[in-house]
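Chemist: Quick one: the structure is below, questions incoming.
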Amino acid sequence: MSVELNSLRMRAERDNRHISGAERLVSLEDLGTVAVDMLQRALQHPCGQAERIYFYVEPIKCEQLLSGCLPDFFNNQVTHWQQGRELAKEMLLAAGVSATAIAAAIRNLADGAAPGGVSMRGAMLIDSKTGERLEPDQARGVRVSRMDLSAGVRAQLRSLLAAQKLDNPHVVEALTLAAKVLAAPGVVAELCWSDDPDYTAGYVATADKRYQRISLLKPAGEERGGRAFFVQCGKQRLAVLIDWLEHQPLMIERVGRIHPVRYWREES
Ligand code: WAQ
Ligand code: MG
């Protein structure tokens, strides 16, 4: 029997600035519980209480739903954020992203990639060779949505993460988002760090289905963060990619491997 699913999306703002967002695929039965949970998170956000909170509920056509898998999870513990960014650079270079594109992404994320030097609502699309920004709107960016974990995968993932004391919504949501991004046509890799001032971790995700968590990618208290998707696709296929990221429903039904923590000592 197929269960009807709804795309539930939330976004919260204050002073016309994006504070937080969330996206899930839920049955009608679970809609209320999940929406209340999102509302509470928006109201208690570390970037301050939201002023306006928008909810969107739209049905998903079951025949359109694709099945996906989580990337393998690697946990890299670094001693300071500069070391974290060096590690991210090495991983992205190894994934085939050019030094120019990596530098453009890091500079934009560090300076605030939206006009006015603030964080974007969604992600940048960066040409993985030239470093050119390709997203049509540099304030909104591209928002990945209509993806979720199946109930079984969510439970399995949370218990695996708990063993590394990492069962928190940032990790679960970032893995879910990265799974969709890596499944998209034309994506080479992703770089992300949070815009929450109290969350300093981020990750590099690569097309070989690896999610490399990096414990520090920015200084504590920093409110600028975001996401860069490195892409290799002609301009005419860009519209297809954006539409896929925003609209293609994807349910993640398989977990990846969870690797033990790796400590990176500073080189002397
Ligand atoms: N689609 C595209 N971009 C998004 C989305 C989305 N659905 N959600 C957030 N972003 C962008 C947006 O620019 C945000 O400002 C930025 O990402 C950061 O979002 O392993 O918490 O929700 O410990 O603050 C990564 C590390 C945490 C997790 C990422 O991101 C781990 C995080 P946040
Ligand atoms: Mg945030």
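Chemist: Can you run down the residue pairs with Cβ atoms below 9 Å, 6 or more apart or on separate chains, where the first is in the range 190-207 and closer than 17 Å to GLY112 by Cα and the partner is among the β-branched types (Val, Ile, Thr) and near ligand 1 (Cβ under 6 Å from one of its atoms)?
Modeler: ALA201/VAL171
Chemist: If I ask for residues that are in contact with a strand residue (DSSP E or B) (Cβ under 8 Å, 6 or more places away or on another chain), touching a residue at least 60 places away in the same chain (Cβ under 8 Å) and assigned to a loop (DSSP other than H, G, I, E, B), which ones from the range 136-162 would you list?
Modeler: Those that are in contact with a strand residue (DSSP E or B) (Cβ under 8 Å, 6 or more places away or on another chain), touching a residue at least 60 places away in the same chain (Cβ under 8 Å) and assigned to a loop (DSSP other than H, G, I, E, B): GLY141, ARG143, VAL144, SER145, ARG146, SER150.
A quick yes/no check of all residues on (1) open to solvent by less than 10 Å² (accessible area, probe 1.4 Å); (2) in a helix (DSSP H, G or I); (3) of a type in the set (Lys, Arg); (4) over 20 Å from ILE106 (Cα atoms):
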position: LEU175; (1), (2), (3), (4): yes, yes, no, yes
position: ALA179; (1), (2), (3), (4): yes, yes, no, yes
position: LEU182; (1), (2), (3), (4): no, yes, no, no
position: PRO185; (1), (2), (3), (4): no, no, no, yes
position: ALA189; (1), (2), (3), (4): yes, no, no, no
position: PRO197; (1), (2), (3), (4): no, no, no, no
position: THR200; (1), (2), (3), (4): no, no, no, no
position: TYR203; (1), (2), (3), (4): yes, no, no, no
position: ASP208; (1), (2), (3), (4): no, no, no, yes
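Chemist: I would also like to ask the following. Do we find a residue being of a type in the set (S, T, N, Q), more than 17 Å from PRO185 (Cα to Cα) and assigned to a loop (DSSP other than H, G, I, E, B) anywhere in the range 232-239? Let's see the steps before the verdict.
Modeler: Filtering the range 232-239 for residues of a type in the set (S, T, N, Q) gives 232, 236.
Then drop every residue that is not more than 17 Å from PRO185 (Cα to Cα), which leaves none.
Looking for residues that are of a type in the set (S, T, N, Q), more than 17 Å from PRO185 (Cα to Cα) and assigned to a loop (DSSP other than H, G, I, E, B), one finds none in the range 232-239, hence no.
Chemist: Separate question: Could you tell me which residue of the range 7-20 is modelled with the lowest pLDDT, considering only residues that are open to solvent by 20 Å² or more (accessible area, probe 1.4 Å) and touching a strand residue (DSSP E or B) at 6+ places or on another chain (Cβ under 7 Å)?
Modeler: The initial filter retains those residues of the range 7-20 that are open to solvent by 20 Å² or more (accessible area, probe 1.4 Å), namely 9, 11, 13-18.
Add one more test, that the residue is touching a strand residue (DSSP E or B) at 6+ places or on another chain (Cβ under 7 Å), and what stays is 9, 11, 13, 17-18.
On the way: ARG9: 98, ARG11: 96, GLU13: 93, ARG17: 87, HIS18: 90.
Once the filter is applied, the top-ranked residue is ARG17.
Yes/no per residue for (1) hydroxyl-bearing (Ser, Thr, Tyr); (2) open to solvent by less than 60 Å² (accessible area, probe 1.4 Å); (3) more than 17 Å from LEU241 (Cβ to Cβ):
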position: LEU87; (1), (2), (3): no, yes, yes
position: ALA95; (1), (2), (3): no, yes, yes
position: LEU109; (1), (2), (3): no, yes, yes
position: ARG121; (1), (2), (3): no, no, yes
position: SER128; (1), (2), (3): yes, yes, no
position: SER145; (1), (2), (3): yes, yes, no
position: SER159; (1), (2), (3): yes, no, yes
position: VAL171; (1), (2), (3): no, yes, yes
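Chemist: I want to confirm something. Restricting to the range 21-39 and keeping residues that are within 15 Å of ligand 2 (Cβ to nearest atom) and not aliphatic (A, V, I, L, M), which single residue is most open to solvent (accessible area, probe 1.4 Å)? If you could, list the steps in order and put the result at the bottom.
Modeler: Here is the first cut: in the range 21-39, the residues within 15 Å of ligand 2 (Cβ to nearest atom) are 21-23, 38.
Remaining after also requiring not aliphatic (A, V, I, L, M): 21, 23.
Numbers: GLY21: 20, GLU23: 39 Å².
Ranking the qualifying residues of the range 21-39, first place goes to GLU23.
Chemist: Now for a different question. Which of the numbered conditions does TRP81 fail, given that it passes all the others? Conditions: (1) out of contact with any Lys or Arg (no Cβ under 6 Å at 6 or more places or on another chain); (2) open to solvent by 40 Å² or more (accessible area, probe 1.4 Å); (3) modelled with pLDDT of 95 or more.
Modeler: Going through the list (1) out of contact with any Lys or Arg (no Cβ under 6 Å at 6 or more places or on another chain); (2) open to solvent by 40 Å² or more (accessible area, probe 1.4 Å); (3) modelled with pLDDT of 95 or more, TRP81 breaks only (1).
Chemist: I'd like to know if the range 40-51 contains one or more residues that are outside the structural domain of ARG224 (by TED's automatic domain parsing) and either surrounded by 21 or more Cβ atoms within 10 Å (Cβ to Cβ) or aromatic (Phe, Trp, Tyr) (or both). Quick ask: steps written out before the conclusion?
Modeler: Quick first cut of the range 40-51, residues outside the structural domain of ARG224 (by TED's automatic domain parsing) only: 40-51.
Cutting the leftovers down to either surrounded by 21 or more Cβ atoms within 10 Å (Cβ to Cβ) or aromatic (Phe, Trp, Tyr) (or both) gives us 42, 50.
The answer is yes; a qualifying residue exists.
Chemist: Applying the selection to the range 11-46, what residues are near ligand 1 (Cβ under 10 Å from one of its atoms) and in contact with a Lys or Arg (Cβ under 8 Å, 6 or more places away or on another chain)? Step through it out loud before you land on a result.
Modeler: Step one: of the range 11-46, the residues near ligand 1 (Cβ under 10 Å from one of its atoms) are 11, 18-23, 45-46.
Correct list: ARG11, HIS18, SER20, GLY21, ALA22, GLU23.
Chemist: Does LEU216 meet the test of being open to solvent by less than 60 Å² (accessible area, probe 1.4 Å), among the hydrophobic types (A, V, I, L, M, F, W, C), within 21 Å of ALA22 (Cβ to Cβ) and touching a Ser or Thr at 6+ places or on another chain (Cβ under 6 Å)?
Modeler: Values: open to solvent by less than 60 Å² (accessible area, probe 1.4 Å): yes; among the hydrophobic types (A, V, I, L, M, F, W, C): yes; within 21 Å of ALA22 (Cβ to Cβ): no; touching a Ser or Thr at 6+ places or on another chain (Cβ under 6 Å): yes.
No.
Chemist: I'm checking my understanding of the structure. Among residues of the range 230-263 that are of a type in the set (A, V, I, L, M, F, W, C) and surrounded by fewer than 16 Cβ atoms within 10 Å (Cβ to Cβ), which one is nearest to LEU93 (Cα to Cα)? Give the derivation first.
Modeler: Just the residues of the range 230-263 that are of a type in the set (A, V, I, L, M, F, W, C), to begin with: 230-231, 233, 238-242, 244-245, 250-252, 255, 258, 261.
Filter once more, keeping what is surrounded by fewer than 16 Cβ atoms within 10 Å (Cβ to Cβ): 239-240, 261.
On the way: ALA239: 26, VAL240: 26, VAL261: 22 Å.
Taking the candidates together, the pick is VAL261.
Chemist: Determine whether LEU134 is surrounded by 20 or more Cβ atoms within 10 Å (Cβ to Cβ) and not basic (Lys, Arg). Spell out how you get there, then give the answer.
Modeler: Working: surrounded by 20 or more Cβ atoms within 10 Å (Cβ to Cβ): no; not basic (Lys, Arg): yes.
Considered against the rule, which asks whether it is surrounded by 20 or more Cβ atoms within 10 Å (Cβ to Cβ) and not basic (Lys, Arg), LEU134 comes out as no.
The values are calculated or read from the model by the stated rules, or taken from the named source; none is laboratory data. Predicted model, so just to flag it, every value in this text is computed and none were measured. Glycine gets a Cβ as well: all are built from the backbone with ideal geometry, and neighbour counts include every protein chain shown. Note: areas computed on protein heavy atoms with side chains; ligands, DNA, RNA excluded. Shrake-Rupley method; radii C 1.70, N 1.55, O 1.52, S 1.80 Å.
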